[in-house]
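Data block below; observations after.
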Amino acid sequence: MSDGKVKFSVLCSMFNWMQRSKSSSKKRSKFRKFLDNFCKSADDYFSAIRLLLPNLDRERGTYGLKESVLATCLIDALGMSRESEDAVRLINWRKGGAKTGVNVGNFALVAAEVLQRRQSLVSGGLTIKELNELLDRLASSENRAEKIVVLSDLIKKTNAQEMKWIVMIILKDLKLGVSEKSIFHEFHPDAEDLFNVTCDLKLVCEKLRDRSQRHKRQDIEIGKAVRPQLALRISDAASAWKKLHGKEVVVECKFDGDRIQIHKNGVETHFFS
């Protein structure tokens, strides 16, 4: 079954199951079963995995919707008064108090509570393909009014549980309790290595759709972003020193800021941040 027919509700069921499960191996197994049952082509894989790892998807632009802006857009998409109790809850989702409820501090759950009073309990039948098309529209929308129209369409085609996950996809944090490394490895043993030297999720899905076929290690390519190597976290200085095996080292301060990667090929220059 291709992603054009697979309902987003199927993916939501997997998300719900993974979020409830405490076993990393069972989460990976559940993901593998989803891939085997519902993904048949590179497009199918990419359509699903970009929703599972939205923070790694470079094909789609940024939404320009952090929680505060998303809250007001949802309020307008639902046609609520800014002074209504639910609107205030969305706007003040971080704040505690008698009217905020147990989900204070979790925007997606607060939004789901508000939405379930205004949406049908039954799924509208939105497919994974349709969701990706709507998210593309949301990302390419040039102004707030256009974004509200897309959010309104999403609300009409989903129920509150599905919208909760869509909100989390927009915020690029699904909180599934499973690492990118695990997702990559379950998709293909070489997926993480290829992504690290290309930062291209679509390319990974296209080249590695056959899990039984190993991929020759790819070198860095000018014009394709390389994933930076991050420092390993250690519990204390003594543990870090032990890992150095007595070697002489130089230590420098770590400053906050933007990491920018520059690729230059003749007169052609690419900047990645």
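Most mobile of 263, 245, 215 per a Gaussian network model of the chain (Cα springs, under 10 Å)? Looking only at 263, 245, 215, the largest GNM fluctuation is found for 245.
Relative contact order for the chain: what percent, with Cα pairs under 8 Å and sequence separation of 6 or more? Intermediate results must be reported in sequence, preceding the final value.
Values: 311 pairs, mean separation 60.3, N = 273.
With pairs under 8 Å counted, the relative contact order is 22 percent.
For region 87-178, the relative contact order comes to 31 percent (Cα pairs under 8 Å, sequence separation of at least 6). Per residue, the convex hull spanned by the alpha carbons of region 102-234 comes to 179 Å³.
Between residue 133 and residue 92, what FRET efficiency follows from the Cβ-Cβ distance if R0 is 25 Å, with the result rounded to 0.05?
Numbers: r = 33 Å, r/R0 = 1.31.
So the FRET efficiency works out to roughly 0.15.
Of the residues 135, 203, 194, the one that moves most in a GNM of the chain with alpha-carbon contacts below 10 Å is 203. For residue 261, nonlocal amide neighbours, meaning residues 5 or more places apart or on other chains whose placed amide H falls under 5 Å from its own, are 272, 273. In the chain, helices alone account for a calculated mean residue ellipticity at 222 nm of -14500 deg cm²/dmol, with every DSSP H run of four or more residues adding -39,500 (n - 2.57). Model label sites at residue 224 and residue 29, defined 7 Å from Cα along the beta-carbon direction, differ in position by 3.4 nm.
Note on the chain: with a GNM built from Cα contacts shorter than 10 Å, the maximum mean-square fluctuation among 30, 172, 247 falls on 247.
The relative contact order of region 182-273 comes to 22 percent, based on Cα pairs under 8 Å that sit 6 or more residues apart. Compute the angle between helix 144-156 and the longest alpha-carbon principal axis of the chain, please, reported from 0 to 90 degrees and rounded to the nearest 10. Orientation of helix 144-156: about 70 degrees from the principal axis.
Looking at the square roots a ≥ b ≥ c of the eigenvalues of the Cα gyration tensor of region 183-273, which shape do they give, rounded for a/c under 1.5, prolate if a/b is larger than b/c, or oblate? Don't jump to the answer; show the numbers that get you there.
Numbers: a/c = 2.57, a/b = 1.37, b/c = 1.88.
Oblate, since a/c reaches 1.5 and b/c is not below a/b.
Could you tell me how many degrees, from 0 to 90 and to the nearest 10, lie between the Cα long axis of helix 67-77 and the main elongation axis, the longest principal axis, of the Cα atoms of the chain? Helix 67-77 sits roughly 30 degrees off the main axis of the chain. Where [x] 54, 49, 45; [y] 56, 44, 28; [z] 63, 48, 45 are the candidate values, the label of the one calculated here for Cα extents along the principal axes in Å is [z].
Computed from Cα atoms, the angle from the helix 8-20 axis to the main principal axis of the chain rounds to 70 degrees.
Every read-out reported here was derived from the displayed coordinates using simple, explicitly stated rules and does not represent laboratory data. None of the values given here were measured: they were computed from a predicted structure. All Cβ positions, even for glycine, are placed from backbone atoms using ideal geometry, and neighbour counts span all protein chains on display.
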